[in-house]
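Right, one structure below, let's go through it.
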């Protein structure tokens, strides 16, 4: 049965994840090309496009990184095809270079960039506010708040982009990407909207003489789009009263629920700002007329608030503006309760939160851990055995970052995708300390390779350990240039990492499975005796990926014959989640054990047994 | 329509998100205005999974003291999430545990069922703990522990729809091969709840 996301069944209501609704909206908006680099909370958008790519009438690719994704997408849009490019918020930093010039030269087919922000850092290294990019680059910006709006705004964003040529930012946050709600479907387009490329040097080749003109054209286009924001259905006023609230993004949901709970629905004047950039100044001025106080609700930076304050000052309007405060911080997420308190404060009433028992203190934490049988655990175990605390560990972004905690303790610093090699290089050279950098296979292809070339070129003294688990595990097993298999079939031309590393000029390179303890230890000892840039590729497929995609489960599991000192040492130093301590005895949970048999190589109290025996 | 907030908590791999989706789908099929949310960046790696189903609200988020119902798929996580429950709200939880690494390696303690029950009773009007995994095994599939819990919650009317609606959803949305075991799981959960 074809996916309901691809069916032309207008009027039907489906329960969709915000990210699935974006897929449907893009299809209704006529998308013909999709490129991405995965990253939570954006990943279900490209993963859904990928899963449906055989049935759907569009071209899809996982690109090697976000810059490449945007450049490929820009090419498609220059060729006249409506295009969606997706990434998480920090990915937009990687793509910022092409982005800030694409807005000058335009994307005639229409290009929408999905930026999935993460206030609260649920799964990210920072909580930057990517609405800044709308201002920095000159991008109209939509901010959906519900699953239905994810669908409708993705469609409208593509239409606007196709009509004006201006790239459009679809900015979501984790709560919106991962909301699930009813979505009423619209029509799929009857015809493909295409705009064949017409050569125009002044427009598409931004040499300085052209850029100076293009910048002014960009400002003119944004001024025209501002008029659309003024009368957009996504910027609407409701309710009445002396208190006004301007809300954007998910705050609009919190506001609606908060007003209901305070019994104030309809008694506060509300401006829903869904099409949030360029700001509709005339609408804002009209909205604040006759208000005594206006409260601005926006997560992270006070962009709407500061714009409003500047606008009021310019127009000589005197009005109390409330925004960022102790109740409404510039960090983290908002909530219905925070909005309730802010409204109460704005009305001069006492804040009163819901009663609840105190959060239980001192409970055993449950930090995410490397899976049972994960080859990264074996890699870290041996690296620590050889280098211990003597080395400094430069980490990178992926599942393997989870090795930061004891007993593996395999991360001393971390920046962003691909940084482990270059940051480690700088650290090693400046400090003269032994430095080991870790990077995953997907991250190596993403942007690690440039750091490696630099390490060779500048003769940095660093050992790079490439943790090659044959997939992009952290974000949900997306393929990358090196994989053998994907969920929809084999990769015909996998790119091997070792020859690539050699071609970068690295002299000392070795590849082996980290699950072979003795050989890995020997290889690490050899590498330790050498200097300059060295690379050890520790390669073994992700256990979850093997099970899901290739259906492989190892026939044997580990078991403990007798709990000895050695066995307890392994329990403490390996921290495999399949181990259990019951009283004084150590046991291996057969269901969790992947059968990697690494523990058997560390102590003879561990034995192999047939599953179910 | 009764506005309701339901908070789900569990550990990656327990089917917390499947249960959340099943409740949302059932609510939608029953014509209820449903919104659901999930935070699951690290769920795969044994981390905590928290999710929500809200009827009549737009926000997918629940903060401390806002949940009318707390569904706890793992004992320790139920205790951790107890502060989300509104005083006088209802709690349905799994009495069985999945020890975190620090407990499994003997470095931290795990709370007893009795202590969690006592703390829950100080907050909730109804507290119901049942051995979901054991009942699921009796039903014929250990993976149906999440359905056992839903059966129990539905039986004490903590869900916004009746048992028939939930049974329809099990048939309609879960893997056909596991439908019978899951129906049995609902029944065993309901029985345990009403005993």
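Every residue in region B:82-93 that is under 20 Å from residue B:49 (Cβ atoms) and either touching a residue at least 60 places away in the same chain (Cβ under 8 Å) or at the interface with chain A (Cβ under 7 Å from one of its Cβ atoms) (or both), please. Those that are under 20 Å from residue B:49 (Cβ atoms) and either touching a residue at least 60 places away in the same chain (Cβ under 8 Å) or at the interface with chain A (Cβ under 7 Å from one of its Cβ atoms) (or both): B:82, B:83, B:84, B:85, B:92. Each residue in region B:98-141 was checked for being away from chain A (no Cβ under 14 Å), farther than 19 Å from residue B:156 by Cα and assigned to a helix (DSSP H, G or I), and 5 of them qualify.
Of note, residue A:392 satisfies the criterion of being touching a strand residue (DSSP E or B) at 6+ places or on another chain (Cβ under 6 Å), modelled with pLDDT of 95 or more and away from chain B (no Cβ under 12 Å). Consider residue A:466 carefully, then state whether it is in a strand (DSSP E or B), under 29 Å from the mean Cα position of the chain (by Cα) and either in contact (Cβ under 8 Å) with a residue 12 or more places away in the chain or buried (at least 19 other Cβ atoms within 10 Å of the Cβ) (or both). Against the criterion (in a strand (DSSP E or B), under 29 Å from the mean Cα position of the chain (by Cα) and either in contact (Cβ under 8 Å) with a residue 12 or more places away in the chain or buried (at least 19 other Cβ atoms within 10 Å of the Cβ) (or both)), residue A:466 qualifies.
When A:595, A:583 are checked against the criterion of being at positive phi and either within 14 Å of chain B (Cβ to nearest Cβ) or touching a helix residue (DSSP H, G or I) at 6+ places or on another chain (Cβ under 6 Å) (or both), A:583 stands alone in meeting it. Going through region A:32-53 one residue at a time, which ones are part of a loop (DSSP other than H, G, I, E, B) and more than 14 Å from chain B (Cβ to nearest Cβ)? The answer is A:32, A:37, A:52, A:53. Among the residues of region A:168-196, write down those that are within 20 Å of the chain's Cα centre (by Cα) and either surrounded by fewer than 24 Cβ atoms within 10 Å (Cβ to Cβ) or away from every other protein chain (no Cβ under 14 Å) (or both). Of everything in region A:168-196, those that are within 20 Å of the chain's Cα centre (by Cα) and either surrounded by fewer than 24 Cβ atoms within 10 Å (Cβ to Cβ) or away from every other protein chain (no Cβ under 14 Å) (or both) turn out to be A:168, A:169, A:170, A:171. Looking only at residues of region A:6-31 that are part of a loop (DSSP other than H, G, I, E, B) and crowded, with 22+ Cβ neighbours inside 10 Å, we find that the one that is farthest from the other protein chains (Cβ to nearest Cβ) is A:30. Those residues that are in a helix (DSSP H, G or I) and without any contact (Cβ under 8 Å) to a residue 60 or more places away in the chain, I need them from region A:244-261; list them, please. If the condition is that a residue be in a helix (DSSP H, G or I) and without any contact (Cβ under 8 Å) to a residue 60 or more places away in the chain, then A:256, A:260 are the ones that fit. Residue check: is residue B:122 modelled with pLDDT of 95 or more and surrounded by fewer than 20 Cβ atoms within 10 Å (Cβ to Cβ)? When the stated conditions are applied, residue B:122 passes them. Scanning region A:316-337 for residues that are in contact with a helix residue (DSSP H, G or I) (Cβ under 7 Å, 6 or more places away or on another chain), closer than 30 Å to residue B:78 by Cα and surrounded by fewer than 20 Cβ atoms within 10 Å (Cβ to Cβ) yields a single hit, A:327. Only residues that are more than 14 Å from residue B:16 (Cβ to Cβ), within 8 Å of another protein chain (Cβ to nearest Cβ), in contact with a helix residue (DSSP H, G or I) (Cβ under 7 Å, 6 or more places away or on another chain) and at pLDDT 95 or above were counted across region B:29-64, and they come to 8.
As a summary of the residue check, residue B:191 satisfies the conditions (1) crowded, with 24+ Cβ neighbours inside 10 Å; (2) over 15 Å from the mean Cα position of the chain (by Cα); (3) over 30 Å from residue A:359 (Cβ atoms) except for the one numbered (1).
The values are calculated or read from the model by the stated rules, or taken from the named source; none is laboratory data. As the structure is a computational prediction, the values presented were derived from the model and not from experiment. Glycine also receives a Cβ, built like all others from the backbone with ideal geometry; neighbour counts cover every protein chain displayed.
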